Amino acid sequence: QVQVAESGGGLVQAGGSLRLSCAASGRIFSINDMGWYRQAPGKQRELVAVITSGGSTNYADSVKGRFTISRDNAKNTVNLQMTTLKPEDTAVYSCNVRVLEPWGGMDYWGKGTLVTVSS
């Protein structure tokens, strides 16, 4: 099967930077979109950034200009470089990987990594 694992979360002061990494492993033929989502306590999970297999990107309005998503198709990894962090960025960040199957795409999720931004 496919496993997804995130790393890089931690505690950072407002205005600081943090880099999250995600690696997919297992029985993978091809990966389409890869993305980062986040969920704060008591709130709905939201899309932070997504990158297609061709490198096209989309960002949530709240992180545009501050976050950068990138991927390495050869390594099946996706990264999220976060800069100018704000306390409202505090959340559990989860990596999503859409893997191609003969019948379509299937989503796999990591367990999440906690990002805490202090004032």
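Going by what's in this entry, would residue 61 be described as assigned to a loop (DSSP other than H, G, I, E, B), more than 12 Å from the chain's Cα centre (by Cα) and free of Cβ contacts under 8 Å to residues at least 12 places away in the same chain? Walk me through it before giving the result.
Working: assigned to a loop (DSSP other than H, G, I, E, B): yes; more than 12 Å from the chain's Cα centre (by Cα): yes; free of Cβ contacts under 8 Å to residues at least 12 places away in the same chain: yes.
For residue 61, the condition - assigned to a loop (DSSP other than H, G, I, E, B), more than 12 Å from the chain's Cα centre (by Cα) and free of Cβ contacts under 8 Å to residues at least 12 places away in the same chain - is met.
If the condition is being open to solvent by less than 40 Å² (accessible area, probe 1.4 Å) and part of a strand (DSSP E or B), then region 22-52 contributes 22, 24, 31, 34, 35, 36, 38, 48, 49, 50, 51. Scanning region 64-82 for residues that are of a type in the set (D, E, K, R) and under 27 Å from residue 15 (Cβ atoms) gives 64, 66, 71.
Looking only at region 1-21, residues that are outside any loop (DSSP other than H, G, I, E, B), open to solvent by less than 40 Å² (accessible area, probe 1.4 Å) and more than 15 Å from residue 71 (Cα to Cα) come to 4 in all. If we keep just the residues of region 64-104 that are closer than 16 Å to residue 31 by Cβ, touching a residue at least 60 places away in the same chain (Cβ under 8 Å) and of a type in the set (Val, Ile, Thr), which is surrounded by the most Cβ atoms within 10 Å (Cβ to Cβ)? Filtering region 64-104 for residues that are closer than 16 Å to residue 31 by Cβ, touching a residue at least 60 places away in the same chain (Cβ under 8 Å) and of a type in the set (Val, Ile, Thr), the one surrounded by the most Cβ atoms within 10 Å (Cβ to Cβ) comes out as 97.
Does residue 108 qualify as being over 14 Å from residue 2 (Cβ atoms) and either touching a strand residue (DSSP E or B) at 6+ places or on another chain (Cβ under 7 Å) or open to solvent by less than 50 Å² (accessible area, probe 1.4 Å) (or both)? Even if it seems obvious, please write down each step before you answer.
Numbers: over 14 Å from residue 2 (Cβ atoms): no; either touching a strand residue (DSSP E or B) at 6+ places or on another chain (Cβ under 7 Å) or open to solvent by less than 50 Å² (accessible area, probe 1.4 Å) (or both): yes.
So residue 108 fails the test.
Only one entry of 27, 66, 45, 19 meets the criterion of being at pLDDT 95 or above, over 19 Å from residue 112 (Cβ atoms) and charged (D, E, K, R), and that entry is 66. How many residues are of a type in the set (Gly, Ala, Ser) and over 15 Å from the mean Cα position of the chain (by Cα) if we restrict to region 37-58? Number of matching residues: 2. Inspection of region 3-19 finds no residue satisfying the criterion of being touching a strand residue (DSSP E or B) at 6+ places or on another chain (Cβ under 7 Å), under 18 Å from residue 109 (Cβ atoms) and basic (Lys, Arg).
The values are calculated or read from the model by the stated rules, or taken from the named source; none is laboratory data. No experiment lies behind these values; they were computed from the predicted model shown. Cβ: placed from backbone, ideal geometry, glycine included. Neighbour counts: every protein chain shown. With ligands, DNA and RNA removed, areas are computed over all heavy atoms of the protein, side chains included. Shrake-Rupley method; radii C 1.70, N 1.55, O 1.52, S 1.80 Å.
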